[in-house]
Amino acid sequence: MRLSNYFLPTLKENPSESQIASHRLMLRAGMIRQSSAGIYSWLPLGDRVLKKITGIVRKEQDTAGAQEMLMPTIQPAE
């Protein structure tokens, strides 16, 4: 897919609610969008980056002989 056909909503100004540099960059680059307090949606560019990073980590885990583990999103406080 061509980049010109990609949904890429970038921001020119720094979002006022972001305090961490990486958070600010991801919002401005159009990788994530905040739905409500603490809830973010991955936009197409962010999803693509996330999948590439996941692939690299899996490859390195396989090389090291490590095993992947999937945990629930919400964990008990104990």
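So which pairs qualify, if the first residue must be in segment 43-71 and touching a residue at least 12 places away in the same chain (Cβ under 8 Å) and closer than 23 Å to Gly30 by Cα, the second must be surrounded by 10 or more Cβ atoms within 10 Å (Cβ to Cβ) and basic (Lys, Arg), the Cβ gap must be under 7 Å, and the two must be at least 6 apart or on different chains?
From residues that are touching a residue at least 12 places away in the same chain (Cβ under 8 Å) and closer than 23 Å to Gly30 by Cα, the pairs are Leu43/Arg33.
Just wondering, is there one or more residues in segment 18-33 that are surrounded by 11 or more Cβ atoms within 10 Å (Cβ to Cβ), without any contact (Cβ under 8 Å) to a residue 60 or more places away in the chain and assigned to a strand (DSSP E or B)?
At the first step, the residues of segment 18-33 found to be surrounded by 11 or more Cβ atoms within 10 Å (Cβ to Cβ) are 18, 23-33.
Checking which are without any contact (Cβ under 8 Å) to a residue 60 or more places away in the chain leaves us with 18, 23-33.
Filter once more, keeping what is assigned to a strand (DSSP E or B): 32-33.
Scanning segment 18-33, I find at least one residue that is surrounded by 11 or more Cβ atoms within 10 Å (Cβ to Cβ), without any contact (Cβ under 8 Å) to a residue 60 or more places away in the chain and assigned to a strand (DSSP E or B), so the answer is yes.
Can you tell me which of (1) surrounded by fewer than 10 Cβ atoms within 10 Å (Cβ to Cβ); (2) of a type outside the set (Gly, Ala, Ser); (3) part of a helix (DSSP H, G or I) is the one Pro76 doesn't meet?
(3)
Touching a Leu at 6+ places or on another chain (Cβ under 9 Å) and surrounded by 11 or more Cβ atoms within 10 Å (Cβ to Cβ): is that true of Arg48 in this structure?
Working: touching a Leu at 6+ places or on another chain (Cβ under 9 Å): no; surrounded by 11 or more Cβ atoms within 10 Å (Cβ to Cβ): yes.
So Arg48 fails the test.
What number of residues in segment 1-41 are more than 21 Å from Lys52 (Cα to Cα) and in contact with a Gly (Cβ under 9 Å, 6 or more places away or on another chain)?
Here the count works out to 1.
Sort out which residues of segment 51-73 are surrounded by 10 or more Cβ atoms within 10 Å (Cβ to Cβ) and touching a helix residue (DSSP H, G or I) at 6+ places or on another chain (Cβ under 9 Å), and write them in order of number.
Answer for segment 51-73, where residues must be surrounded by 10 or more Cβ atoms within 10 Å (Cβ to Cβ) and touching a helix residue (DSSP H, G or I) at 6+ places or on another chain (Cβ under 9 Å): just Ala66.
Among (1) in a loop (DSSP other than H, G, I, E, B); (2) at pLDDT 90 or above, where does Asp62 come up short?
Every condition holds for Asp62 apart from (1).
The values are calculated or read from the model by the stated rules, or taken from the named source; none is laboratory data. If you're wondering where the values come from, they're calculated on a predicted model, not measured in any experiment. We place every Cβ from the backbone using ideal geometry, glycine too, and count neighbours over all the protein chains shown.
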